[in-house]
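Each value in this text was obtained by applying a stated rule to the coordinates, not by laboratory testing. These numbers were taken from a predicted model, which means no experiment stands behind them.
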């Protein structure tokens, strides 16, 4: 599950083999693969980001964006390290010192009040 695309592809092989030996190349085989693809898509795109977001305190969309960005930059290793790198970026942004806005100084008028 850490590497979304590799894990899904590796786990699909036994599912396809079992479906093939059970039903052959018939319509049941196709139904099983379609159902598995839908379940895998929901798992990878909804469930895993929600679960990881609770663990690493990142928004689920941030996790998906991190996998896409770091995977696009560094390929396999970017996908592998996407969540830890996103957590690191979030920690650095939270710890970065912020300047407090300076209070506005009202000019004093020369005429008194």
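Worth a mention:
- Tilt relative to the chain, helix 60-80 - C-alpha long axis, 0 to 90 degrees, to 10: 70
- Gain upon complete extension [residue 61, residue 85; 0.36 nm per residue less C-alpha separation]: 7.2 nm
- Here is the tail figure for the range 65-107: Cα pairs spaced more than 13 Å apart come to 62 percent of all pairs.
- Candidates 60, 103, 14, ranked by Gaussian network fluctuation over the chain, Cα under 10 Å, top entry: 103
- Short-range pairs are left out: with C-alpha atoms under 8 Å and at least six residues apart, the relative contact order of the range 4-95 is 17 percent.
- Mean ellipticity per residue at 222 nm, deg cm²/dmol - from DSSP H runs of n ≥ 4 across the chain, formula -39500 (n - 2.57): -23500 deg cm²/dmol
- Among 48, 61, 13: highest mean-square fluctuation, GNM of the chain, C-alpha pairs under 10 Å: 13
- Taking the longest Cα principal axis of the chain as reference, the axis of helix 27-42 is set at about 20 degrees.
- Within a Gaussian network of the chain (alpha carbon springs, distance under 10 Å), most fluctuating of 86, 62, 37: 37
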